[in-house]
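Structure record follows, encoded as structure tokens.
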Amino acid sequence: MSEQSGSFEFPVDMGTVPHVTTFFDPDSNTFSYVVREPDGPACAIIDSVLDFDYSSGRTARESADKVIAHVREHGLKVEWIIETHVHADHLSAAPYIQDALGGKIGIGAEVITVQDVFGKIFNEGTEFQRDGSQFDALFVDGDTYEIGSMKAFTIATPGHTPACMTHVIGDAAFVGDTLFMPDSGTARADFPGGDARQLFHSTRKILSLPDETRLFMCHDYGAGGGRDVANETTVAAERAHNIHVRDGVDEDEFVTMRTERDAQLSMPKLIIPSVQVNMRAGEMPEPDETGKRYLKIPVDEL
């Protein structure tokens, strides 16, 4: 995607207004989306959730089943199952949804960096492929794809993780964890492979979209409990009010703030199971000789 005079050339017409249906998982504060073309059945599912109880190691599919039921009830055709990044706070239900509804699983091409970094942290063996081959499609900056009659394009927005991408579908942009609601700011940048300076530049890419662009969040925590959770805002609102990257905040100011803030944060409670599963496109590790599957807990590594 080329930059000219502080703005970006958009490879598709952003005038389309897709139907967006939102699903909220309160256990992980995650928003998942079904994004449907205006006048047809084609849709994409973005950032699905597999329920996981850390204390028992049990999985459940209630959240994913709600999405599947919606798709079937409305006679939709799933063409894409999109991961905005390798999530550290919930497990993806992409393979389960794909088995039920079809569609291709896509993620940013820099997932290979995440696989390399976390493959070492989790001491994965040589059987764990670090080439992104677990996914059906690897997107790079400026890629375009179709959801029925809708054109979509990708913006690489690393900083929170190397594989973070914003997916722009008509007048709607799905920003993953790069941005939060204006009163909550931005994502952290201290995970392995994260970078606060990269994150600042990524936010400016998103905020170079037209002011009226609808921005859909992956998470919200009610601004620390001060309001109800919310998932949608606009570029204009973020530029005017985002507490971390509103217009007028410079790069060094942001990097200092983000670095100091991140040093005070604990790791997400599900980062260990989430990354192991999500870097495999939502699949569990291969079973051992007894048929049982195990997740690893690295000590003093995160």
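No value in this document is a laboratory result; all are computed from the given coordinates. Given the structure is predicted, the values throughout are model-derived calculations rather than measurements. All Cβ positions, glycine included, derive from the backbone under ideal geometry; neighbour counts span all protein chains shown.
Key figures
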{"item": "MRE, 222 nm, helices only [DSSP H, n ≥ 4, -39500 (n - 2.57), over the chain, to nearest 500]", "result": "-7000 deg cm²/dmol"}
{"item": "Residue (of Ile169, Phe118, Gln198) at the positive-pole extreme of the stretch 59-202, dipole from beta-carbon charges", "result": "Ile169"}
{"item": "Cross-link pairs Lys120/Lys296; Lys120/Lys292; Lys66/Lys292 - those with Cα-Cα distance over 20 Å", "result": "Lys120/Lys292; Lys66/Lys292"}
{"item": "Top of Ser55, Ser32, Ser266 by mean-square fluctuation, Gaussian network on the chain, Cα under 10 Å", "result": "Ser55"}
{"item": "Intensity falloff of the stretch 89-216 expressed as log10 I(q)/I(0), Debye formula with alpha-carbon point scatterers, at q = 0.09, 0.20, 0.21, 0.23 Å⁻¹", "result": "-0.28, -1.30, -1.38, -1.49"}
{"item": "The stretch 19-276: Rg to Rh, with Rh as the Kirkwood radius over Cα pairs", "result": "0.94"}
{"item": "Charge-dipole axis of the stretch 19-276 as Lys and Arg at +1 and Asp and Glu at -1 on Cβ define it, positive-most pick from Gly57, Ser274, Pro26", "result": "Gly57"}
{"item": "Selected from Val175, Val34, Val249 as most flexible by GNM, with the chain as the system and alpha-carbon contacts under 10 Å", "result": "Val249"}
{"item": "GNM flexibility winner over the chain from Glu289, Glu110, Glu62 (Cα, springs under 10 Å)", "result": "Glu289"}
